């Protein structure tokens, strides 16, 4: 039995300067802040009956709390023992997600959207603290949400959004000195709720920012086998519940209108234990 998770009991001139300043902050901070999904401006961007199709990308890093752990052991396929595993913080879960985003304006002040895509994740030296690392294969990621505009006057808009997503990661957790790797599976669901403002610097550029709440949940499973002292095969299955390490965060971004119906935005998000850089390009029709 591995020792780190000890058993208990048997994540144009008018606009150039401010937009460039925000972009610089995003890339300088984001480059060091490697599961959060892009939010974009926190207001509705589609008219009633209008559609939007786009591509979203996010690169994130966060700490997650693994709690209520349990373990069960099987010797040569037969039940051997079980108990509780120590809670701990999974450090620096790095994720890359790419989505196709489909949006629809249900009213001039409200739009809904659906995301479907893929995701990869990695982390290192957190579960057993034994120089191990995890690198997943590509897994499914899906999500969706709603945006609404509450105030629209001149160059200023105020609104809010709610979005949720689910992703799964499966792969091997291994270290150079291990005889065989562990198999790890992560199921992760996240919710983001945001309020914010979008301000138009010109007809082609705007900035947006605001506070948001981030909730995470799911489970992580670690399964490995090793030789028993008596010559048998001992298989151990550890499982923990996932919870976010911090909830409250801030986000900020820049949106550029490339053409009348095509836009591009890039943003930075951060909580006390999770940071992300996101980018999106979308076409309205």
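Just so it is clear, none of the values below were taken in a lab; they were calculated from the coordinates. Owing to the predicted nature of the structure, the values given are computational and were not obtained by experimental measurement. Neighbour counts are summed over all protein chains in view; Cβ atoms, including those assigned to glycine, are modelled from backbone coordinates with ideal geometry.
Of 264, 285, how do they rank once you tally other Cβ atoms within 10 Å and put the fewest first?
285, 264
Please rank 137, 225, fewest neighbouring Cβ atoms within 10 Å first, as an exposure proxy.
137, 225
Per DSSP H run of at least 4 residues, take -39500 (n - 2.57); add these up for the chain, divide by its residues and hand me the 222 nm value, nearest 500 deg cm²/dmol.
-2000 deg cm²/dmol
Can you give me the C-alpha center-to-center distance between segment 268-285 and segment 40-116, rounded to a whole angstrom?
13 Å
So for segment 216-282, considering every pair of alpha-carbon atoms, how many percent are separated by more than 13 Å?
So the pairs more than 13 Å apart make up 77 percent of the total in segment 216-282.
Treat the count of other C-beta atoms within 10 Å as a stand-in for reagent exposure and order 62, 250, 39 from fewest to most.
Ranking 62, 250, 39 by Cβ neighbours within 10 Å, fewest first, gives 250, 39, 62.
Seen from all sides and averaged, what is the projected area of the convex hull of the Cα atoms in the chain, in nm²?
Across all orientations, the chain yields a mean hull projection of 16.1 nm².
Given N residues in segment 158-285, what is its alpha carbon radius of gyration divided by 2.2 N^0.38 Å?
Ratio of Cα Rg to 2.2 N^0.38 Å: 1.56.
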